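The values are calculated or read from the model by the stated rules, or taken from the named source; none is laboratory data. The model shown is predicted, which means the values in this text are computed figures rather than measured ones. Counting neighbours? That spans all protein chains shown, and the Cβs are built from the backbone with ideal geometry, glycine included. Just the protein is used for accessible areas: all its heavy atoms, side chains included, with ligands, DNA and RNA removed. Shrake-Rupley method; radii C 1.70, N 1.55, O 1.52, S 1.80 Å.
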Amino acid sequence: MNQEHVQQLEAAIQAVAQRKVSNFYFVACGGSLANVTPAQYILDREIEIPSAAYSSNEFIHRSPKALGPGSVVITCSHSGNTPETVAATTFAREKGALTICLTNLVDSPLWEAAEFKLHYNYAPYGEALRGEETSMAILYRLVFGILQTLYPNEKYANAISSIENGLHGVYERNKALTLEAAKAFGRNYKREKLIYTMASGINYSVAYSFAICLLQEMQWIHSSAIHAGEYFHGPFEITDFDVPFIVIKGLGETRPLDDRAYDFCAKYSDKTILIDAETFDLEGISPDVRPYFTNLVAGVVLRQYAQHLSEETGHALSVRRYMWKMEY
Ligand SMILES: N[C@@H]1[C@@H](O)[C@H](O)[C@@H](COP(=O)(O)O)O[C@@H]1O
């Protein structure tokens, strides 16, 4: 991990340690919101201090009553320019909250708006990028750093060392392991007009971002992320032999929900694609925290699926018709 990132993380973690924290909020839009919600899941499982995740504009308009000087508000915007996220950060800061932002762009409006600033690295698909420098790694390093500072525990130390020493290799090995499956997905699903995604727990955010960012935004393919628990309360009625579903199974406490949804779905849909964390190579991630890392690996694996889908459809992942072009 580079020294600049280490120093930025240390400053933010110390600032949190010096507050009497009453709640945590994770606030962002779209893919960045999907990125931060796993942190809320982790805090929810590990500590009694409540936390919540919000889409930026709703955070401002809903204006949670509990937002105030006891709050730690963690915002994220890849571009650093999303107006709703910049405004949410300013709003939280005005309410006296401790604000920490994550962004790829130093000196961006988001960078200026937040009190503490964390930069992460990014490289377009396929280019070399150290796993421990990505947005998810910096976010996880922040969250486990806060946990370790407030409640020192071997498990949190293991998580930190897994991020710093194990994550990069895990990403590379799992991309290699699933390359052929990603190519087959591209070939076999290139003509689909609609693909659903489904998951639960910490992996739900991956199903969500694959549906709204990779399929809808970047491939213009209809989609919806279905929560595996909610599947039986409406959505399962649309299951049929020719309706495609991507189902992610995690390793954690909500895996029984994934098993149940997958079993039903695979029985009635011949186009059920399984991304199962049990098949991931997680060597280098400490066993006691592996369930918290399955979403990171599923995200990298599915990004490769999207890349191969895009090569087959001929629709580059970078093409937009409205985003950043029209007024909205
Ligand atoms: N796929 C995401 C979108 O979901 C998001 O709305 C947009 C702005 O996000 P950010 O605030 O991270 O720059 O960027 C990406 O394209």
> Restricted to the stretch 92-115, and to residues that are part of a helix (DSSP H, G or I) and closer than 16 Å to Gln8 by Cα, which residue is farthest from the ligand (Cβ to nearest atom)?
Replying inline: Glu112
> Out of the stretch 19-76, which residues are closer than 18 Å to Leu118 by Cα, of a type outside the set (Ser, Thr, Tyr) and outside any strand (DSSP E or B)?
Replying inline: Cys29, Gly31, Leu33, Ala34, Asn35, Val36, Pro38, Ala39, Gln40
>> What are the pairs with Cβ atoms under 7 angstrom where one residue, in the stretch 180-208, is farther than 18 Å from Val300 by Cα and the other, located anywhere, is assigned to a helix (DSSP H, G or I) and hydroxyl-bearing (Ser, Thr, Tyr)? Sequence gap at least six, or different chains.
In response: Lys190/Thr313; Ile195/Tyr189
> Checking Leu118 against (1) among the aliphatic types (A, V, I, L, M); (2) within 16 Å of the ligand (Cβ to nearest atom); (3) farther than 16 Å from Asn35 by Cβ, which test does it fail?
Replying inline: (3)
> Which of the residues that make up the stretch 66-91 are among the hydroxyl-bearing types (Ser, Thr, Tyr) and within 7 Å of the ligand (Cβ to nearest atom)?
Replying inline: Ser77, Ser79, Thr82, Thr85
> Can you spot a residue in the stretch 2-23 that is modelled with pLDDT of 95 or more, open to solvent by less than 20 Å² (accessible area, probe 1.4 Å) and within 16 Å of the ligand (Cβ to nearest atom)?
Replying inline: no
> Got a number for residues in the stretch 110-146 being in contact with a helix residue (DSSP H, G or I) (Cβ under 6 Å, 6 or more places away or on another chain), farther than 29 Å from Lys175 by Cα and surrounded by fewer than 21 Cβ atoms within 10 Å (Cβ to Cβ)?
Replying inline: 1
